[in-house]
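The values are calculated or read from the model by the stated rules, or taken from the named source; none is laboratory data. Since we're looking at a predicted model, the values are computed, not measured. Don't worry about glycine lacking a Cβ; one is built from the backbone with ideal geometry, like all the others, and counts go over all protein chains shown. Quick note on the areas: whole protein, heavy atoms, side chains included, nothing else; ligands and nucleic acids left out. Shrake-Rupley method; radii C 1.70, N 1.55, O 1.52, S 1.80 Å.
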Amino acid sequence: MTPSRTPRFIQRHVADTEADRRDIEAGLMQQPAHASPKYFYDRLGSHLFEAITELPEYYPTRTEASIFATHGAEMARRIGPGATLIDLGAGNCAKASRMFPLLEPSRYVAVDISVEFLHDALKRVQREHPALDVIGLGQDFSSSLDLDADLIADRGVFFYPGSSIGNFTPDEALAFLKRVRSQALGGGLLIGVDLVKPAAILQAAYDDALGVTAAFNLNILRQLNRLIGSDFEPTDWKHIGLYDAAESRIEMHLEARHDVEVHWPGAQRAFLAEERIHTENSCKYTVERFAALLQEAGFAAPLHWTDDRGWFGVFWAPAR
Ligand code: AVI
């Protein structure tokens, strides 16, 4: 039996609460106000997102899983064994782990903003795959992605499922894809993308009957209170999730139920009734538009797989 290794951990992200404070205050002072979706994901926010993925209305997670289940073997044939698999936003590492028997990577690099969260997941991964070289990397890859050269043992195959690429604007997505492309030479990118579909389906997925997405959106206010010492009252605000067909994106906002004054040390902001704070975009792509974006970023012509309804796409973009 191969002796079990111990996963290696590298922490490159140091929480910069001062930068967060400046970013939040600047966003709240703008007209209209906005707050970055990165503030959704405290402990409760991560649990609420996990609950969202269980909702009947939230099809992306289940649909993507069905595409990997149906076409995973074909994806693995195209990608080839022995690569360094770099899992961007690895979380509990479940999606990548399911692909190990097919992809047979030689090294697994799990990247997430929080190494603490990765710790238990990677210990489990290492127990279940004792021969695999497992590395945890604590880094905010959304803003920078310079991996140490020796981290990629052979070909780098980047794995970015879940359609989080949709939470960037198309310009930001292009810049992000270029960064991935520059580090994936000889390998490529396996990425999940939510596709354009009828507005009613999208609308329900982001404004569910149980109100879980509303709680997820409102929870950002608790985070803002914690990070800048503000006095937001979640009950003063209403969740809005609406599809903008012209922009092909879901927009999430928090709308003031009545006139509201919010204070924090050194400043305050008055919101009129129905004024909004923009908290998230979730861009939806056509297959053609996303394939073009990948090629604009420098990847070779991608392959893609979708479900029967054509609701979600998984793209394999080689970096030749
Ligand atoms: C994480 N991301 C892909 C989710 C999405 O669908 O855009 C975040 C989310 N926001 C509301 N529901 C889910």
Failed item in (1) over 21 Å from Leu189 (Cβ atoms); (2) small (Gly, Ala, Ser); (3) more than 14 Å from the ligand (Cβ to nearest atom), with Gly82 passing the rest: (1)
Qualifying positions in segment 68-110 - of a type in the set (Phe, Trp, Tyr) and either part of a loop (DSSP other than H, G, I, E, B) or in contact (Cβ under 8 Å) with a residue 40 or more places away in the chain (or both): Phe68
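May I ask you to list the residues in segment 182-195 that are touching a strand residue (DSSP E or B) at 6+ places or on another chain (Cβ under 9 Å) and surrounded by fewer than 19 Cβ atoms within 10 Å (Cβ to Cβ)? Spell out how you get there, then give the answer.
Quick first cut of segment 182-195, residues touching a strand residue (DSSP E or B) at 6+ places or on another chain (Cβ under 9 Å) only: 183-195.
Of everything in segment 182-195, those that are touching a strand residue (DSSP E or B) at 6+ places or on another chain (Cβ under 9 Å) and surrounded by fewer than 19 Cβ atoms within 10 Å (Cβ to Cβ) turn out to be Gln183, Leu185, Gly186.
Quick check on Asp16: is it surrounded by fewer than 17 Cβ atoms within 10 Å (Cβ to Cβ), within 30 Å of Leu210 (Cβ to Cβ) and out of contact with any Phe, Trp or Tyr (no Cβ under 9 Å at 6 or more places or on another chain)? Steps first, answer last, please.
Working: surrounded by fewer than 17 Cβ atoms within 10 Å (Cβ to Cβ): yes; within 30 Å of Leu210 (Cβ to Cβ): no; out of contact with any Phe, Trp or Tyr (no Cβ under 9 Å at 6 or more places or on another chain): yes.
Taking the combined requirement at face value, the residue does not satisfy it.
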Residue within segment 113-135 that is part of a helix (DSSP H, G or I), within 16 Å of the ligand (Cβ to nearest atom) and not small (Gly, Ala, Ser) present: yes
Hits in segment 268-292 (condition: within 26 Å of Gly241 (Cα to Cα) and within 20 Å of the chain's Cα centre (by Cα)): His278, Thr279, Glu280, Asn281, Ser282, Cys283, Lys284, Tyr285, Thr286, Val287, Arg289, Phe290
Conditions (1) of a type in the set (A, V, I, L, M, F, W, C); (2) part of a helix (DSSP H, G or I); (3) free of Cβ contacts under 8 Å to residues at least 24 places away in the same chain: number failed by Ile201: (3)
Residue list for segment 269-283, filter: touching a helix residue (DSSP H, G or I) at 6+ places or on another chain (Cβ under 6 Å) and either of a type in the set (Gly, Ala, Ser) or closer than 13 Å to Leu224 by Cβ (or both): Arg269, Thr279, Ser282
Hey, Leu88 crowded, with 21+ Cβ neighbours inside 10 Å and out of contact with any Ser or Thr (no Cβ under 7 Å at 6 or more places or on another chain) or not: yes
Within segment 246-268, considering residues that are under 24 Å from Leu227 (Cβ atoms), open to solvent by less than 20 Å² (accessible area, probe 1.4 Å) and touching a residue at least 40 places away in the same chain (Cβ under 8 Å), the one nearest to the ligand (Cβ to nearest atom): Met252
So Ala175, is it open to solvent by 40 Å² or more (accessible area, probe 1.4 Å), away from the ligand (no atom under 16 Å from the Cβ) and touching a strand residue (DSSP E or B) at 6+ places or on another chain (Cβ under 6 Å): no
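How many of the residues in segment 152-169 are more than 14 Å from the ligand (Cβ to nearest atom), surrounded by 17 or more Cβ atoms within 10 Å (Cβ to Cβ) and either free of Cβ contacts under 8 Å to residues at least 24 places away in the same chain or not in a strand (DSSP E or B) (or both)? First the steps, then the outcome.
Initial filter on segment 152-169 (more than 14 Å from the ligand (Cβ to nearest atom)): 152-159.
Okay, now just the ones that are also surrounded by 17 or more Cβ atoms within 10 Å (Cβ to Cβ), so 152, 155-159.
Next, from what is left, pick out any that are either free of Cβ contacts under 8 Å to residues at least 24 places away in the same chain or not in a strand (DSSP E or B) (or both): 152, 155.
Selection size over segment 152-169: 2.
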Residue within segment 213-223 that is open to solvent by 20 Å² or more (accessible area, probe 1.4 Å) and away from the ligand (no atom under 15 Å from the Cβ) present: yes
Neighbours by Cβ (under 9 Å, 6+ apart or cross-chain): first from segment 269-293, in contact (Cβ under 8 Å) with a residue 12 or more places away in the chain and over 23 Å from Lys38 (Cα atoms); second acidic (Asp, Glu) and open to solvent by 50 Å² or more (accessible area, probe 1.4 Å): Leu272/Asp259; Ala273/Asp259
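Identify, please: which residue in segment 28-45 is in a helix (DSSP H, G or I) and touching a residue at least 12 places away in the same chain (Cβ under 8 Å) and is, among those, farthest from the ligand (Cβ to nearest atom)? First the steps, then the outcome.
Here is the first cut: in segment 28-45, the residues in a helix (DSSP H, G or I) are 28-29, 37-40, 43-45.
If we keep only those that are touching a residue at least 12 places away in the same chain (Cβ under 8 Å) as well, we get 28-29, 37-40, 44-45.
On the way: Leu28: 20, Met29: 24, Pro37: 7, Lys38: 11, Tyr39: 13, Phe40: 7, Leu44: 15, Gly45: 10 Å.
Among them, the one singled out is Met29.
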